[in-house]
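Accompanying notes for the structure given below.
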Amino acid sequence: MTITPIEQLFTIFNETAQILQEEMDSSFLEALAETGENIFQGSILQEELSELTVKRLKKQYESIQLSQFSKEEIRKAFQLVTLKGMKENIQPNHQMTPDSVGMLAAYLVDKFMKERSFRLLDPAVGTGNLLMTVLNHLQRDVLGIGVDVDDLLIKLAYVNANLQEQPVQLFNQDSLEPLFIDPVDAVIADLPVGYYPNDVRAADYQLKADKGHSYAHHLFIEQSVRHTKPGGYLFFVIPNGLFESEQAAALHEFIKENMLIQGLLQLPANMFKNKQAAKSILVLQKQGEGIKAPKQALLVNLPSLTNRHEMDKMMVKMDQWFKENKG
Ligand code: SAM
């Protein structure tokens, strides 16, 4: 049986991370970040490893050459091994954006963005899986900028970007604090959903709650708009109930004042554990001079992505919308 390039890489990432995990007495994900950095740098960076461990690692590292793998093979292998680590040690904010969502987001960014070269911000970059999926599919000169409050996840994003040789700037901070990032052409984010505990910081936002904690996902939308150029596009993975909460009226108002709704694509229900967990992709455009609303927003209820026939039909419909509205 032949093994695929993704399996081959997965095995190297997995086995070398396990070796380092034991030696460093760390979590698997920390060890994964370390082994990824070793592979990228072409040397073993951890000091105080036993001679035998160094030998075992070297043997594994020497069995592959990163340049023989495509960026997507590297991303997919890294994604699988990261998922394995997340399952072993479950933490509520450790969620990676699945491939299917990433691919669709990449399609949308590719269709909406006309520039050959642009800057793309992900203020909830996590492991970087979503951002890398988009960058790998664009085949253009795009600078990625990622922010995340979680230091382990951002370390994985850093390794991910390095291994795939994607130009990405990363900031390890709370995205709702001031960001020292010049306005970008586009934003992409799988929004963290829930309450934002810092009421003092939330007070700086129009979308703060009148009483109690504000919704982090609302504040993320406002912060993203602040950092987008007029006419820039914003692509958000959102919970389906976004516009149904008790704070939705303020969000509606904010969107009406500052943005144009370009599209809302509901992801197929079978991609999620239950109805409450189901998500959509919301596409917004920041208002600006000469920016016109589409005749009609792209409103799509996606069929199961494995249903080839229905999916093909939907792609034709979407392509038609782009021809009529963005041609
Ligand atoms: N797209 C990411 C990926 O592919 O790995 C996953 C995004 S996950 C759904 C949401 C992310 O938001 C988490 O990585 C979490 O650490 C981050 N996050 C939550 N609150 C944050 C905050 N206030 N500032 C920055 N990042 C935050």
(message) Here's a check for you: in the range 175-185, which residue that is of a type in the set (Asp, Glu) and surrounded by fewer than 17 Cβ atoms within 10 Å (Cβ to Cβ) is farthest from the ligand (Cβ to nearest atom)?
(response) ASP182
(request) Looking only at the range 231-248, decide whether some residue is in contact (Cβ under 8 Å) with a residue 40 or more places away in the chain, within 13 Å of the ligand (Cβ to nearest atom) and either part of a loop (DSSP other than H, G, I, E, B) or more than 19 Å from LEU135 (Cβ to Cβ) (or both). (result) yes
(request) May I ask you to say which residue of ASP122, ASP99 is within 15 Å of the ligand (Cβ to nearest atom), modelled with pLDDT of 95 or more and either of a type outside the set (D, E, K, R) or open to solvent by less than 70 Å² (accessible area, probe 1.4 Å) (or both)? (result) ASP122
(request) Can you work out which of the residues in the range 19-50 that are part of a loop (DSSP other than H, G, I, E, B) and without any contact (Cβ under 8 Å) to a residue 24 or more places away in the chain is least open to solvent (accessible area, probe 1.4 Å)? (result) SER26
(request) Look at the range 51-65 and say how many of its residues are open to solvent by 30 Å² or more (accessible area, probe 1.4 Å), touching a residue at least 24 places away in the same chain (Cβ under 8 Å) and more than 15 Å from GLN18 (Cβ to Cβ). (result) 1
(request) Scan the range 148-170 for residues that are within 12 Å of the ligand (Cβ to nearest atom), touching a residue at least 24 places away in the same chain (Cβ under 8 Å) and out of contact with any helix residue (DSSP H, G or I) (no Cβ under 8 Å at 6 or more places or on another chain) and jot them down. (result) VAL149, ASP150, LEU153, ILE154
(request) Among the residues of the range 257-297, write down those that are farther than 17 Å from GLY231 by Cβ and not hydrophobic (A, V, I, L, M, F, W, C). (result) GLN266, PRO268, ASN270, LYS273, ASN274, LYS275, GLN276, LYS279, SER280, LYS295, GLN296
(request) Mind telling me which of the residues LEU264, LEU282 ends up being without any contact (Cβ under 8 Å) to a residue 40 or more places away in the chain, under 21 Å from the mean Cα position of the chain (by Cα) and not in a helix (DSSP H, G or I)? (result) LEU264
(request) Considering every residue within the range 66-89, establish whether at least one is of a type in the set (D, E, K, R), within 16 Å of ALA157 (Cβ to Cβ) and open to solvent by 70 Å² or more (accessible area, probe 1.4 Å). (result) yes
(request) Quick one: count up the residues across the range 66-110 that are without any contact (Cβ under 8 Å) to a residue 40 or more places away in the chain and acidic (Asp, Glu). (result) 2
(request) With the condition kept exactly as written, say whether any residue in the range 202-211 is open to solvent by less than 10 Å² (accessible area, probe 1.4 Å), away from the ligand (no atom under 14 Å from the Cβ), free of Cβ contacts under 8 Å to residues at least 40 places away in the same chain and assigned to a helix (DSSP H, G or I). (result) no
(request) Spot the failing condition for GLN223; the list is (1) away from the ligand (no atom under 16 Å from the Cβ); (2) in a helix (DSSP H, G or I); (3) not small (Gly, Ala, Ser), and only one is missed. (result) (1)
(request) Check whether at least one residue in the range 186-197 is open to solvent by 10 Å² or more (accessible area, probe 1.4 Å) and more than 11 Å from the ligand (Cβ to nearest atom), and report yes or no. (result) no
(message) With under 30 Å from LYS317 (Cα atoms) and either touching a His at 6+ places or on another chain (Cβ under 6 Å) or not hydroxyl-bearing (Ser, Thr, Tyr) (or both) as the only criterion, which of LEU104, LEU80 stands out?
(response) LEU104
(request) Could you check HIS252 against (1) over 22 Å from the mean Cα position of the chain (by Cα); (2) farther than 23 Å from ALA293 by Cα; (3) of a type outside the set (Phe, Trp, Tyr) and say which number it fails? (result) (2)
(request) Go through (1) at pLDDT 95 or above; (2) open to solvent by 70 Å² or more (accessible area, probe 1.4 Å) and name the single condition LEU251 misses. (result) (2)
(request) Looking at (1) outside any loop (DSSP other than H, G, I, E, B); (2) β-branched (Val, Ile, Thr); (3) open to solvent by 10 Å² or more (accessible area, probe 1.4 Å), find the lone condition where THR16 falls short. (result) (3)
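The values are calculated or read from the model by the stated rules, or taken from the named source; none is laboratory data. Just so you know, these numbers come straight off a predicted model, no measurement behind them. As a convention, Cβ positions derive from the backbone with ideal geometry for all residues, glycine included, and neighbour counts pool all protein chains shown. Only protein heavy atoms, including side chains, enter the accessible area calculation; ligands, DNA and RNA are left aside. Shrake-Rupley method; radii C 1.70, N 1.55, O 1.52, S 1.80 Å.
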